[in-house]
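The values are calculated or read from the model by the stated rules, or taken from the named source; none is laboratory data. None of the values given here were measured: they were computed from a predicted structure. Positions of Cβ are backbone-derived with ideal geometry, glycine not excepted, and every protein chain shown enters the neighbour counts.
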């Protein structure tokens, strides 16, 4: 074959590869743009549930149904405590405030520590109206804090932000705007893009996501005592996220790794030691079982 024909063939192959590469890039970009327009990303982040499973009354706890936010669109429960410490609870991305595990946890800390609770549902969860989004959840957090601070039976200087998983990012963000008495993050990730790398390790999604929930960045701007709790067998959020959050946080800070705990069973696995750490961090006595 003449040399000129061989070079021409190689050039055509190279040109074809470039065209195919550009088409693939265009396809990926198109999918990303379409996903952003349709907000498909939200369907992989939020898993709300509207069913009511149980209430604090089923554990013999007095509580108040609270409607707050613009037009009373948000719903929560206020459980008064025996101390002047109130925990503002930011739950994770699934179910709602009536999940049995959450209600049981309220009962446990109420009995052993005497703390009060205000747990609420983000927009689109439980009885709260609307559609969840990152900025929406941040606004819901502001409304919840304002509601709590406006109560005569709450000491506004002794409000603890407690966030689990996604709720840890929401709590951290609020803490950059309004300093809490204490900040507790449990099973929390460093950011949504970092979690995308965990779930889809072979896809270059990190720079393409519009949802951030950048807990690590928020913690660097928080100036309140911080307790980070994480299970060493967490199969949802790798334990290294807890290390990164701890390194980003300002002093005073504490990292408590619960041996044998996965993502959703931390206080069960931690047992009595979990309650002791909680009590010590809040400066409260632990009542006997």
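Some notes on this structure:
- Residue within the range 146-164 that is within 15 Å of the chain's Cα centre (by Cα), loosely packed, with under 15 Cβ neighbours inside 10 Å and more than 14 Å from residue 97 (Cβ to Cβ) present: no
- Of all residues in the range 205-260, those being within 16 Å of the chain's Cα centre (by Cα) and at positive phi number 1.
- Counted residues, the range 67-119 - those being in a strand (DSSP E or B) and either outside the structural domain of residue 142 (by TED's automatic domain parsing) or surrounded by fewer than 18 Cβ atoms within 10 Å (Cβ to Cβ) (or both): 2
- Exactly one residue among 221, 242, 287 is part of a loop (DSSP other than H, G, I, E, B) and within 15 Å of residue 168 (Cα to Cα), and that residue is 221.
- Residue tally, condition under 23 Å from residue 152 (Cα atoms) and without any contact (Cβ under 8 Å) to a residue 24 or more places away in the chain, over the range 44-99: 8
- Residue match in the range 144-160 (condition: in the same structural domain as residue 47 (by TED's automatic domain parsing), part of a strand (DSSP E or B), in contact with a helix residue (DSSP H, G or I) (Cβ under 7 Å, 6 or more places away or on another chain) and under 20 Å from residue 256 (Cβ atoms)): yes
Residue-wise test of (1) in contact with a helix residue (DSSP H, G or I) (Cβ under 9 Å, 6 or more places away or on another chain); (2) outside the structural domain of residue 142 (by TED's automatic domain parsing); (3) under 29 Å from residue 113 (Cα atoms); (4) in a loop (DSSP other than H, G, I, E, B).
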| site | (1), (2), (3), (4) |
| --- | --- |
| 179 | no, no, yes, yes |
| 183 | yes, no, yes, no |
| 196 | yes, no, no, no |
| 229 | yes, no, yes, no |
| 256 | yes, no, yes, no |
| 270 | yes, no, yes, no |
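- Qualifying residue in the range 272-283 (condition: surrounded by fewer than 15 Cβ atoms within 10 Å (Cβ to Cβ), assigned by TED's automatic domain parsing to the domain that holds residue 198, closer than 26 Å to residue 192 by Cα and more than 21 Å from the chain's Cα centre (by Cα)): no
- Flag for residue 31 being surrounded by 12 or more Cβ atoms within 10 Å (Cβ to Cβ), in a helix (DSSP H, G or I) and modelled with pLDDT under 95: yes
- Verdict on residue 167 being part of a helix (DSSP H, G or I), touching a residue at least 60 places away in the same chain (Cβ under 8 Å) and either closer than 14 Å to residue 116 by Cβ or within 13 Å of the chain's Cα centre (by Cα) (or both): yes
- For the range 217-256, residues that are touching a strand residue (DSSP E or B) at 6+ places or on another chain (Cβ under 6 Å) and over 18 Å from residue 161 (Cα atoms) total 3.
- Only one of 138, 125 that is more than 30 Å from residue 276 (Cβ to Cβ), in the same structural domain as residue 231 (by TED's automatic domain parsing) and part of a helix (DSSP H, G or I): 138
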